[in-house]
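Heads up: the structure comes next, in structure tokens.
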Amino acid sequence: MKDTAVPGLSTETRRGFIVLGLPAQISWQNYAGIREEVSRALSLACAGARGTRRGGVVVDFGDAVLLDAAGLVLMARAETRAQLLGCPLRAVVPALSAHVRRALHLTGLDRLVPVFADVASATAAPVPEAAPGRSTPRTSSTRSARCTRGTPVSPRRRPPRPS
């Protein structure tokens, strides 16, 4: 089995949320290890004793210096898994990480995953209640993800290309 330990990846619990501190470099080289930790955290956050559950998962990009396509694919897949499990997923992108915030915005991931400026505000914000008949709590700013090979599909239709 491949070793998936990722240097710089930290896990802690705050106010019922599992907080994953991502390493400085998020690339294809450490993608598998980060993906496993995110999946594990989502499973743990959703596994509550008899109807109780933790607050969810917070992915902290605070130390991220390098974010390539692997990090964006990671977030898209994590959001899809969180939706399937009915588990809240949040991202932390400090003001100093403008490149990460811009990448999340350009790909539309900031509309799928709520983005906060720090871990304290991400863990302090209440988790929305699930609507009747819906397993996943949502706010008006989120929508379901339709992913094709890890890339979110734009909700707008693209005009046909000229022949």
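Table for the structure above
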quantity	calculated
Kirkwood hydrodynamic radius (C-alpha pairs) into Stokes-Einstein, region 49-118, 4 °C and 1.567 mPa s, D in µm²/s	103
Accessible surface of Asp63 - all protein chains present, 1.4 Å probe, nearest 10 Å²	110
Per residue solvent-accessible surface (Å²) - region 5-88, probe of 1.4 Å	47
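The values are calculated or read from the model by the stated rules, or taken from the named source; none is laboratory data. These numbers come from a predicted model, not from an experiment. Surface areas here come from the heavy atoms of the whole protein model, side chains and all, with no ligands, DNA or RNA. Shrake-Rupley method; radii C 1.70, N 1.55, O 1.52, S 1.80 Å.
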